[in-house]
């Protein structure tokens, strides 16, 4: 959570509003009113000229522990993050002074538009940030239509 | 995928400098010292600043924008920003021997404790 900003804030009310939004977005309200944690990992999706781009923050994940699959227009991200070990043994609970990070297995499925080219999917993982490139189908790209005069 | 409903969101989204996050950390103690882990996704070795001043350890991780310019956000679940957190070190930590390693967006800092002096017997003489 942001604790302050680098620059002088020009609209504190807007910041507050966004903070409250973020807090509310962090939980999902079910019909029964039970609060459920939101899905992990959080993703951002962007549209570029030739592709869609999905980004997710996955600190501490190893490339070999990440699994990406695509089937029937659903992209599934799967992986696990192991808690640190010392000499192959878990660190005893009483040794911890602070524990804020989370570990374990996770999985998330994202519906993707059908106008993407499945074969050319690519992904990169750097500094704990995953980027998935979903190229658009050729037909989807804007095309020039020649206009000829009737003469 | 849903489209953003607010018109001014894209511009805001493209300036990560605006946000400063407190990264989640783990600290555990060993016989030799303290081990600290911090999650800093998007921070590379070149953009991480670690500083010890007096007895305060400060970590600042600068995050580069994750997306090319001109990308249109369709769906947004997290914000990108820099990471900042500081810690007060206890007197037993040997500042000059602090080690840090950054891998896959996780920082590991080892804070060694000064070895305890061996108990020494003090001879008591009678007056």
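Just so it is clear, none of the values below were taken in a lab; they were calculated from the coordinates. In this text, all values refer to a predicted model and were calculated from it rather than measured experimentally. Cβ coordinates were reconstructed from backbone atoms using ideal geometry, including for glycine residues, and neighbour counts include every protein chain displayed.
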*How many Cβ atoms of partner chains, on average, are near each residue of B:106-118 if near means within 10 Å of its Cβ?*
1
*Decide, for segment B:51-123, between rounded, prolate and oblate: order the square roots of the alpha carbon gyration tensor eigenvalues as a ≥ b ≥ c, take rounded if a/c falls under 1.5, and otherwise choose prolate if a/b is larger than b/c, else oblate.*
prolate
*Let me know the shape class of segment A:39-139, please: from the alpha-carbon gyration tensor, a ≥ b ≥ c as square roots of the eigenvalues, rounded when a/c is under 1.5, otherwise prolate if a/b is greater than b/c, or oblate.*
prolate
*asked:* Taking each residue in B:77-85, count the Cβ atoms of any other chain within 10 Å of its Cβ, then average. What number comes out?
replied: 5
*Take peptide A:49-57, look around each residue's Cβ out to 10 angstrom, count Cβ atoms belonging to other protein chains, and average those counts.*
5
*asked:* Test of understanding: express the Cα radius of gyration of chain B as a ratio to 2.2 N^0.38 Å, with N the residue count.
replied: 1.59
